[in-house]
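The structure under discussion appears below in the form of structure tokens.
Just so it is clear, none of the values below were taken in a lab; they were calculated from the coordinates. Treat the numbers as computed from the prediction; the structure is a model and nothing was measured. We place every Cβ from the backbone using ideal geometry, glycine too, and count neighbours over all the protein chains shown.
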Amino acid sequence: MTPIRRVVPFLFLLPLLLSGCGGDSPTAAAGLTIGDLVGSWIATSDTHTNNANSSETFDLVAEGGEVRFTMLSGGDTRIWVELDTFMDEWDSAVTLSGTTLTVDPVEAARSTEVFEITLVGDVLTMTNVDSEFDFTLSSATPVSTTEVLVFVPN
């Protein structure tokens, strides 16, 4: 499995979510619904920070990659991740409870990812403190990371 493929499920993230909400303050947990997340989104950043060494970070978007998702009204979501010649896409079922977003890929080989989310205006931020990433990009064993994805409508 390529190093990016190991990371991709988190992206799904990503993989995942939104259509814009107005206002400048975070959307209240009790008021956020899947309906608020319906639409097509593109990441402006996807940063992994090594949980054991916070000076080690990697931003997939800053390195020329792209993370996108489209969410339908029922929570069905298609996620795309690209970096250089690597391209991956998959479908997931997304559920939302308060500010906890769970992304459950259709493919059994992909793991479920859990994110805490905030929506401020048209900016969706998703944080997974239990992600993994191979900073060597060479199929080495991934390390524990905190992943932060920032999306805007696409």
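Taking other residues whose beta carbon is less than 12 angstrom from the beta carbon of THR70, and scoring Lys, Arg as +1 and Asp, Glu as -1, yields -1. Look at TRP41, TRP90, TRP80 and count the other Cβ atoms within 10 Å of each Cβ; fewest to most, that gives TRP80, TRP90, TRP41. Comparing the range 68-154 with the 2.2 N^0.38 Å rule of thumb, its C-alpha radius of gyration ratio is 1.13 (two decimals). The fewest-to-most ranking of MET71, MET87, MET126 by surrounding Cβ atoms within 10 Å reads MET87, MET71, MET126. Between THR145 and ASN51, SER131, GLU132, PHE133, the built amide H atoms are under 5 Å apart, and every one of these is 5 or more places off in sequence or on another chain. Annotation: amide H of GLU56 within the under-5 Å range of ASN50, sequence separation 5 or more or interchain, hydrogens built in the peptide plane.
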